[in-house]
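All remarks here apply to the structure that follows.
The values are calculated or read from the model by the stated rules, or taken from the named source; none is laboratory data. Keep in mind the model is a prediction, meaning the values are calculated, not measured. Methodologically, a virtual Cβ is constructed for each residue, glycine included, from the backbone with ideal geometry; neighbour enumeration extends over all protein chains shown.
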């Protein structure tokens, strides 16, 4: 859903639709726009939040694809995923390989699998023991982050002030995590973004991200030795085999992306068997959010994107 947020009507779905493509916008479960469940209440049942990146790729993405193909009568889809959306698609292709044949092309923006962040995020992950934190938070009944609406309202209030909001929200709280590119964001965008973020995210998903970094492996969720043996038949979780991801893949990387780094993207590229495009965007300041929210995407990114979409219609 975050792909459809901007202040200048230059969002990726809008531009892609204007080029004549039939656009469907996926929405990962757990945020304000996707809290439904046939049995569980997201506001009352902690079990609702018992999912990680694995469940997104194994269950949710196949459901997206099958629904779209059924509704349209098409045989294949082209997927454009950003950040977590790339993880979910890599998981899908790895553990549900039959879906590779249903995907015409996967365009991976800010691709993540081998999570090698830079800056303050790397420092935080290095310090925090992911497994211990997950176990302790689970014991305390803390199954999600940003679920408290009071906290979210406070953050949104800070980011919508007439003075100081840009400095507080971007220069202090966002750029240190994603890479600095102040020229690509107007102050008015703070208010737009604050209307939709932060969104709830499962504790389990956050810890799964951290595990990628701590172990330098793209693997299923690590529950600890004892539970791993029960679930996986081994003391460590199985790694996702990217050689199973046989769909055509186009990788786009920001040179100044602190989260989806060039180092991480290079490793992904080396593991994938069918990379048809690998582009490090030339603008040196291009960061993790610029693909979606930056005000310069029309000249710095869209030409490369639509070129690859035209190559593989």
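Scanning region 273-300 for residues that are assigned to a helix (DSSP H, G or I) and surrounded by 14 or more Cβ atoms within 10 Å (Cβ to Cβ) turns up 297, 300.
Out of the residues in region 12-43 that are assigned to a loop (DSSP other than H, G, I, E, B), surrounded by 15 or more Cβ atoms within 10 Å (Cβ to Cβ) and over 17 Å from the mean Cα position of the chain (by Cα), state the one that is modelled with the lowest pLDDT. Ranking the qualifying residues of region 12-43, first place goes to 42.
Those residues that are buried (at least 20 other Cβ atoms within 10 Å of the Cβ) and in contact with a helix residue (DSSP H, G or I) (Cβ under 7 Å, 6 or more places away or on another chain), I need them from region 81-98; list them, please.
Looking only at region 81-98, we keep the residues that are buried (at least 20 other Cβ atoms within 10 Å of the Cβ), and these are 81-83, 85-94.
Within region 81-98, 81, 82, 87, 88, 89, 90, 91, 92, 93, 94 qualify.
For (1) buried (at least 17 other Cβ atoms within 10 Å of the Cβ); (2) modelled with pLDDT of 65 or more; (3) within 20 Å of the chain's Cα centre (by Cα), each residue gets a yes or a no:
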site: 144; (1), (2), (3): yes, yes, yes
site: 147; (1), (2), (3): yes, no, yes
site: 150; (1), (2), (3): no, no, no
site: 153; (1), (2), (3): no, yes, no
site: 164; (1), (2), (3): no, yes, no
site: 168; (1), (2), (3): no, yes, no
site: 174; (1), (2), (3): yes, yes, yes
site: 179; (1), (2), (3): yes, yes, yes
site: 193; (1), (2), (3): yes, yes, yes
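Screening residue 236 against (1) out of contact with any strand residue (DSSP E or B) (no Cβ under 9 Å at 6 or more places or on another chain); (2) at pLDDT 90 or above leaves a single unmet condition, (1). All of 303, 238 fail the test of being more than 27 Å from residue 22 (Cβ to Cβ) and surrounded by fewer than 23 Cβ atoms within 10 Å (Cβ to Cβ), apart from 238. Residues in region 71-115 that are touching a residue at least 40 places away in the same chain (Cβ under 8 Å) and part of a loop (DSSP other than H, G, I, E, B) were compared, and the one that is nearest to the chain's Cα centre (by Cα) is 83.
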